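Step one of this worksheet: look at the structure below.
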Amino acid sequence: MAWAGLRNKTAVLRLGWSLGLVLAALASLPAARPQDPPATSATPSLTLAEKEEFLHNAKIVSQHNLSQGVTNSRRATLDDGKMQHDAHIQTVNISKQSFQTSHGTELNFRDTYKYNVAGYELAKLLALDMVPPSVERKVGGTSSAVTWWVDNKQFDELDRVKQNVQPPNLDSWNKQMYVVRVFDQLVYNTDRNLGNLVIDKSWNIWMIDHTRAFRTSKNLENVKNLVQCDRNLLAKMRGLDKEQLKEHLGSCLTGSEIDALLARRDKIVKFFDGEIAKKGEGAVLYDLASVRK
């Protein structure tokens, strides 16, 4: 009887020890971020035009403020009767003669939702599948940019860096980041930060939040950020012209902003042409389609 009692005590101790290990393991898992509720229902395969139509017309069934960013943006769930999907809503539309930013005093400052739509429309012209669809729509009577919430979001770049998670394919990662740098120089994005680069579960990078882009400067913000370029992106940039940009971006950009974009385009193309002449095409250009899944 004494031996049986001892065995029972030992079993209880082992059970307690095992349970303690399980609880400790659970405690070590990262806590769910409160601003990221569970993903919406699975999204069928949609074309860009179908996503745009959904963003324009689907009913907004819920929304809440996001804690990140300074533009009081919101995450909303949309429903068109066939599917639900989340969207990012931004209504910011500020113009000031001068504004103090982290980079210094900026003259003729603009921070507007319209640039989100312009960024997407420009990405379409460049055949660049790294900017989620964004449309202009009234939400609660206020003109807004309603942007497709990135499918299968894994984390943003800020979280990746904090968690010290390394990309599984460094070559693919670098080639995508080179495109981010080219695009940001083209649109003169003064507010690119780790929080507005989203990474999906296939390790594709998505550029979001362009409300402080499209400045009227005809110079590049930082030519040192130009390293290599996707071959198709360079060809598409060469083909941009003023009438085309006015047709597709004219509702979002002024004539001066379009002129500045084209002037920056010329400088980017000239830079890469010079690099190709010095180093050879193989050292400068690559095919982005081969690395995005």
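The values are calculated or read from the model by the stated rules, or taken from the named source; none is laboratory data. All values reported here derive from a predicted model rather than from experimental measurement. Every residue, glycine among them, receives a Cβ derived from its backbone with ideal geometry; neighbour counts consider all protein chains shown. The protein model used for the area step is the full one, side chains on, heavy atoms only, and it has no ligands, DNA or RNA in it. Shrake-Rupley method; radii C 1.70, N 1.55, O 1.52, S 1.80 Å.
Percent relative contact order of the stretch 120-236, based on C-alpha pairs within less than 8 angstrom and at least six residues apart?
Reported as a whole number, the value is 29 percent.
The distance linking the stretch 172-215 with the stretch 134-168 is 11 Å (Cα centroid to Cα centroid, whole angstrom).
Averaging Cα coordinates gives a centre for the stretch 219-293 and one for the stretch 78-132; these two points are 20 Å apart. Accessible area per residue for the stretch 103-215, computed on protein heavy atoms with a 1.4 Å probe, is 37 Å².
Is the shape of the stretch 99-165 best called rounded, prolate or oblate, per the rule: a/c under 1.5 gives rounded, else a/b larger than b/c gives prolate, else oblate, with a ≥ b ≥ c the square roots of the Cα gyration tensor eigenvalues?
oblate
Looking at the square roots a ≥ b ≥ c of the eigenvalues of the Cα gyration tensor of the stretch 196-278, which shape do they give, rounded for a/c under 1.5, prolate if a/b is larger than b/c, or oblate? Taking the square roots of the gyration eigenvalues as a ≥ b ≥ c, the stretch 196-278 is oblate. Per-peptide packing, taken as the mean over residues of other Cβ atoms within 10 Å, places 219-228, 192-201 in the sequence 192-201, 219-228 from highest down. Rounded if a/c is under 1.5, else prolate if a/b is larger than b/c, else oblate: which is the stretch 56-131, with a ≥ b ≥ c the root eigenvalues of its Cα gyration tensor? Here the stretch 56-131 falls in the oblate category. The trypsin sites (Lys or Arg not before Pro) of the stretch 68-144 that meet both conditions, a loop assignment by DSSP and at most 13 other Cβ atoms within 10 Å of the site Cβ, are 82. Cross-link reach is defined here as a Cα-Cα straight distance under 27 Å, omitting same-chain residues fewer than 8 places apart; for residue 278 the lysines meeting it are 175, 218, 224, 236, 267, 270. What the stretch 234-281 shows is 51 Å² of accessible area per residue, with the surface traced by a 1.4 Å probe over protein heavy atoms. Residue 94 contributes an accessible area of around 70 Å² to the protein surface, as traced by a 1.4 Å probe with all chains present. In terms of packing, defined here as the mean over residues of other Cβ atoms within 10 angstrom, the peptides 229-239, 143-153, 269-279 line up highest first as 143-153, 229-239, 269-279.
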